[in-house]
Amino acid sequence: MKKIFVIFTAVVSAIGATILINGCVASKLVAKKTGSQLWGENCIRCHNAPSPADYSSAQWETIGMHMKLRANLTEDETNKIVAFLKGTN
């Protein structure tokens, strides 16, 4: 029984390490992306995104908060996308 527990623990640890390492790689890739890249990858894939000039900076802030929840964006992704949209106004 103890041998099975040791094997189980080793397997779970290996799976956890793989998830952790892959998660870090994905996070690093996202960190390198610009707001315009993230906007294109996340916003346009679901709907026709409006022109950045269609809304004011304050409105983009509100839209960003809403879409963070709807699109399951991270805080960093949301901030980059909103900064990009506000910067084009």
Students often check this: by mean Cβ neighbours within 10 Å, which of 65-73, 81-89 ranks highest, and how do the rest follow? 81-89, 65-73
Where Lys and Arg each count +1 and Asp and Glu each count -1, what net charge lies around W60 among other residues with Cβ under 13 Å from its Cβ? +1
Signed unit charges on C-beta, dipole axis of segment 43-86, positive-most listed residue A49, W60, A83: A49
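Is segment 22-89 best put as rounded, prolate or oblate by its Cα gyration tensor, with a ≥ b ≥ c the root eigenvalues, rounded for a/c under 1.5, and otherwise prolate when a/b is larger than b/c, oblate when not? Before the final figure, lay out the partial values.
Values: a/c = 1.86, a/b = 1.75, b/c = 1.07.
Prolate shape, in that a/c is at least 1.5 and a/b is the bigger ratio.
Laboratory data are not the source of any read-out in this text; all were calculated from the coordinates shown. On a predicted model such as this, the values are computed, not experimentally measured, just so you know. As a convention, Cβ positions derive from the backbone with ideal geometry for all residues, glycine included, and neighbour counts pool all protein chains shown.
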